[in-house]
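Take a look at the structure set out below.
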Amino acid sequence: MNRKIPLGLVLLAVAPLVASGPRGTVPKPAANRYPSHAEKDSVSVGAALLTSDEVRKTFVSEVNRCCVVVEVALYPSKDKPQPVSLDDFAVRVMGSETAVKPSSAKVVAASIQKSAESQRDVTVSPSVGVGHESGTYVDPVTGARTSRHGTYTEVGVAVGIGEPGSYPGSSERDRDTMQTELSEKGLPEGTTSAPVAGYLYFPLTKKKNTTLQLECVLNGNKVVLTLP
Amino acid sequence: MAARVLLLIILLTSPAMLLCAIPQQASTAIQQDSAASAVSGWSKQAGEQAPAAAKTDDKVQKDAKSLQKIHVRLGTVSFGLGYSYFSGPYYYQYPMFGFYPYGLTHPALFCDPLWCAPASLLGSVYSGSLAYAADKGEVRLTADPKTAEVYIDGAYAGTADHLKTMWLDSGAYDLSVSAMGRKEFHQRIYVLSRKSLKILARLEPEKAPDATGEAEVKP
């Protein structure tokens, strides 16, 4: 009986994460495998800032259009379930006073779709042709049958200009798909006893030669990680 | 003659043109100056009003700039080769493009490599219908082995060699690729309309338990 109670508690703690849908990413074996990591009150946190190329490879949605993506992993202690909420995280440009909270998958998807809606897709289709002709004809002046041959070449370029909204990711259905992707890959919210990891989407543009800091609140304690 | 030389130069320089065009597949934002100046002029007038209105103008200006982005991508590149033979009583000297046999053969039998046989194909390319389906996304699947079975959302779709290119509605799918004696490949894929997604499914061979046992035995 005594064994059943903790098991039930663990199941109750994990249930919100399972039921909510998002799965996040697979956490690395330990927090110190991430470029930035810290530990506070037996809870470890690891974080990594994704480069533009990494974002392009990781997501089908064009998240680079609107956001900076940070992968975050939390490693709670086994006997103490850890609440996970997007509100506990923020990113700050080092030296600035303003911190930015992560956006939800719904907001990010809507932002990307709105941006895609305004794009025009221009397609350039070049074409090259080479041909050879030969044959005989009757010269109308001399009346002699003459053979001639020659080579001709052709070059062409077709340009197609799409209507606004013809760009990938601009339809309502695309927005749903992007929301699904961002939600499924995002950091799962809820309470967990097991390590969890996922992406956070911060609506800001990273400039060159600026350093970002990830701030997170773990059990009321503020932890600051510098993202290289 | 000069026209022919000119055409030959264009032909020779066309590969360079293509090389220039390929990097443009990446998104490039082109801002149209005329529209931007129109917006800035409007915001100049509004700048005389309250500061709050000026802030709104900046926002509108930013929105307007975002509306002016154009993405250039390389479409289908066409090469044509042709040969024609004519035999007729008359010959017509065409000043610009050499000679064309107007008589029995032209225009019914004259075959231009770009506009005769492949004309129907090129027509569809230029209209964009061959390049992209409007409401579907392309999934390019490369699987090893090629005879692996492909399942989408648990439903059998065919073998990998017949599904090198799939057009799917926008959405999230569970893609599974399996073959006898190989580990199953599973991936969650997200398809966006008019977007191409490349997937490489390399199925690793399953280790036979007997073979593993033999390998551990040392003489």
Quiz prompt | Subset of A:Lys28/A:Lys222; A:Lys101/B:Lys164; A:Lys185/B:Lys198 violating a 30 Å alpha-carbon distance limit | solution = A:Lys101/B:Lys164
Quiz item: Which far-off residues, 5 or more places away or on another chain, put their amide H under 5 Å from the one on A:Leu212, with H placed in the peptide plane?
Solution: A:Met94, A:Leu227
Quiz item: Per-residue HN-Hα couplings for segment A:214-228, Karplus 6.51 cos²θ - 1.76 cosθ + 1.60 at θ = phi - 60°, whole Hz, x for Gly and Pro?
Solution: 9, 10, 9, 9, 10, 6, x, 9, 8, 10, 10, 10, 8, 8, x
Quiz item: To the nearest 10 degrees, how steep is helix A:4-19 against the longest Cα principal axis of chain A, on a 0 to 90 scale?
Solution: 30
Self-check item: Cβ charges +1 (Lys, Arg) and -1 (Asp, Glu), total dipole of chain A, debye
Solution: 680
Quiz item: So, counting K/R as plus one and D/E as minus one, what does the shell of residues with Cβ under 12 Å around A:Gly220 add up to?
Solution: 0
Quiz item: Could you give the nm distance between label points at A:Ile161 and A:Thr191, where each point is 7 Å from its Cα heading toward the beta carbon?
Solution: 5.9
Quiz prompt | Listed residues A:Ser111, A:Ser96, A:Ser171, most fluctuating in chain A (Gaussian network, C-alpha, under 10 Å) | solution = A:Ser96
Quiz item: What is the local net charge at A:Ser183, summed over the other residues whose Cβ is closer than 11 Å to its Cβ (Lys, Arg +1; Asp, Glu -1)?
Solution: -1
Quiz item: Hey, with R₀ at 25 Å, roughly what FRET efficiency would B:Asp135 and A:Ser104 work out to, going by the Cβ-Cβ distance, to 0.05?
Solution: 0.40
Quiz item: Suppose R0 equals 30 Å; then what is the FRET efficiency for A:Asp53 and B:Asp153 from their Cβ-Cβ distance, rounded to the nearest 0.05?
Solution: 0.50
Quiz prompt | Normalised contact order of chain A, rounded percent, pairs of Cα under 8 Å and 6 or more residues apart | solution = 33
Quiz item: To the nearest 20 debye, what is the magnitude of the charge dipole of segment A:107-150 about its Cα centre, counting +1 on the Cβ of each Lys and Arg and -1 on the Cβ of each Asp and Glu?
Solution: 20
Quiz prompt | With Cα atoms, 0 to 90° folded angle of helix A:105-117 axis to chain A main axis | solution = 20
Quiz item: Magnitude of the Cβ-charge dipole of segment A:92-165, K/R +1 and D/E -1, about the Cα centre, nearest 20 debye?
Solution: 380
Quiz item: Along segment A:135-147, what does the Karplus equation 6.51 cos²θ - 1.76 cosθ + 1.60 (θ = phi - 60°) give for ³J(HN,Hα), rounded to whole Hz, x for Gly and Pro?
Solution: x, 10, 8, 9, 5, x, 8, 8, x, 7, 7, 10, 9
Quiz prompt | Hull-based mean projected area of segment A:89-141, where the convex hull spans the alpha carbons, in square nanometres | solution = 11.1
Quiz item: If you add up the charges near B:Leu200, with Lys and Arg at +1 and Asp and Glu at -1, over every other residue whose beta carbon is less than 14 angstrom from its beta carbon, what do you get?
Solution: +4
Exercise. Can you pull the one-decimal nm distance between simple spin-label points at B:Lys164 and A:Thr146, each 7 Å off the Cα toward Cβ?
Key: 4.9
Quiz item: So for the pair B:Gln187, A:Val138, with labels modelled 7 Å out along Cα→Cβ, what separation do we get in nm?
Solution: 6.7
Self-check item: Amide hydrogen neighbours beyond the local backbone of A:Ser171, cut-off 5 Å, H modeled
Solution: none
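Coordinate-derived values only; no laboratory data. Please read all numbers here as calculations on a predicted model, not as lab measurements. For neighbour counting, all protein chains shown are included, and Cβ atoms are generated from backbone atoms with ideal geometry for every residue, glycine included.
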